[in-house]
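This report concerns only the one structure given below.
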Amino acid sequence: PKDKILALMQTYRDDPRDTKIDLGVGVYKNPQGVTPIMRAGKEAERRWWDDETTKAYTGLAGDPAFADAMIALVLGDAVPRDQVAAVATPGGTGAVRQAFELIQMANPKARVYVSDPTWPNHVSILKYVGIETVTYRYFDRETRGVNFDGMMEDLKGAQKGDVVLLHGCCHNPTGANLNETQWKEVIALLNERGLIPKIDI
């Protein structure tokens, strides 16, 4: 099926009314409907232009300095640096696909548990890669929050080596997030059952 977010963007573009408001993809737009380049972005580009010394190929794994900076940003000192590997990918969706392909190669019997709902591309990629998916309850339509009890109950059915796909923040498409206490309970369950977290941020 078509991505609902992209379909909503097209519906917005096709609407001739000048009073319409775009509540789709969360990117800043000025009153003219243009996403401007922020001053900080222009300054970063200028510095890059002034300081860049080469266009040499960085290699398959990407720029090591960039990888180190991202690891520090995402993980801080939560994990010893010598226990973390990083590679460059063709964008965020490319990273998701490569992670799923790695899971499939490492353990062809692994199932991936995905939230109900999840970003439609997750399921499309998993189907393409040939990984069995299992949904777990996540969004409570009445409270507009997380159905945490349902989530935990469903994850208890996962087997050792299965992967649990989690959204690190701003759950897509619901925006409903786990709180710190809930994250700790999820971590404890993953550890107890030998499940592998895959966090899309």
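The values are calculated or read from the model by the stated rules, or taken from the named source; none is laboratory data. What you see is a predicted model, and the numbers here were worked out from it, not measured in a lab. For neighbour counting, all protein chains shown are included, and Cβ atoms are generated from backbone atoms with ideal geometry for every residue, glycine included. SASA here: full protein model, heavy atoms, side chains in, ligands and nucleic acids out. Shrake-Rupley method; radii C 1.70, N 1.55, O 1.52, S 1.80 Å.
Net charge near Pro90: determine it from the other residues with C-beta under 15 Å of the C-beta of Pro90, scoring Lys and Arg +1 and Asp and Glu -1. Summing Lys and Arg as +1 and Asp and Glu as -1 gives -1. Tell me which label goes with the value of mean projected area of the Cα convex hull in nm² computed from the coordinates here: [x] 15.4; [y] 11.0; [z] 18.5. Structure-derived value, by its label: [x].
The HN-Hα couplings worked out from phi for the range 184-192 by the Karplus form 6.51 cos²θ - 1.76 cosθ + 1.60 (θ = phi - 60°) are 5, 5, 4, 4, 4, 5, 4, 5, 4 Hz, whole numbers, x standing for Gly and Pro.
Mean-square fluctuations from a GNM of the chain, with a 10 angstrom spring cutoff on Cα atoms, peak among Thr11, Thr35, Thr89 at Thr35.
Note that the range 42-51 has calculated 3J(HN,Hα) couplings of 5, 5, 4, 4, 4, 5, 4, 4, 6, 9 Hz, one per residue in order, obtained from phi through the Karplus relation 6.51 cos²θ - 1.76 cosθ + 1.60 (θ = phi - 60°); glycine and proline are x. The distance between label points at Thr35 and Ile201 comes to 2.1 nm (points 7 Å beyond Cα on the Cα→Cβ vector).
The length gained on full extension between Ala106 and Asp140, counted as 0.36 nm times the residue separation minus their Cα-Cα distance, comes to 8.9 nm.
Could you tell me what percent of the accessible area of the chain is made up of carbon and sulfur, with a 1.4 Å probe and every protein chain present?
Carbon and sulfur atoms account for 57 percent of the accessible area of the chain.
In a Gaussian network model over the chain where Cα atoms closer than 10 Å are linked, find which of Leu102, Leu73, Leu165 has the largest mean-square fluctuation. The residue that fluctuates most here is Leu73. If you run the Gaussian network model on the chain, springs between alpha carbon atoms under 10 Å, then out of Ile103, Ile131, Ile71 the most flexible one is Ile71.
Using C-alpha pairs below 8 Å separated by at least 6 residues, the relative contact order for the chain is 14 percent. Using a probe of 1.4 angstrom and keeping all protein chains present, the accessible surface of the chain works out to 72 square angstrom per residue.
Which entries of Lys127/Lys160; Lys4/Lys198; Lys4/Lys109; Lys127/Lys198 show an alpha-carbon separation above 26 angstrom in the structure shown? Walk me through the numbers on the way to the answer.
Values: Lys127/Lys160 21 Å; Lys4/Lys198 23 Å; Lys4/Lys109 30 Å; Lys127/Lys198 17 Å.
Listed pairs above 26 Å: Lys4/Lys109.
Apply 1/(1 + (r/R0)^6) to the Cβ-Cβ distance of Trp183 and Gln83, taking R0 = 25 Å, and write down the FRET efficiency to the nearest 0.05. It would help to have the intermediate numbers written out before the result.
Values: r = 20 Å, r/R0 = 0.82.
Here the calculated transfer efficiency is 0.75.
Relative contact order for the range 66-160: what percent, with Cα pairs under 8 Å and sequence separation of 6 or more? Walk me through the intermediate numbers first.
On the way: 73 pairs, mean separation 18.5, N = 95.
Relative contact order of the range 66-160: 19 percent.
Restricting the count to DSSP beta bridges whose residues both fall in the chain, what percent are antiparallel, rounded to a multiple of 5?
Working: 2 of 14 bridges.
Of all bridge pairs located within the chain, approximately 15 percent are antiparallel.
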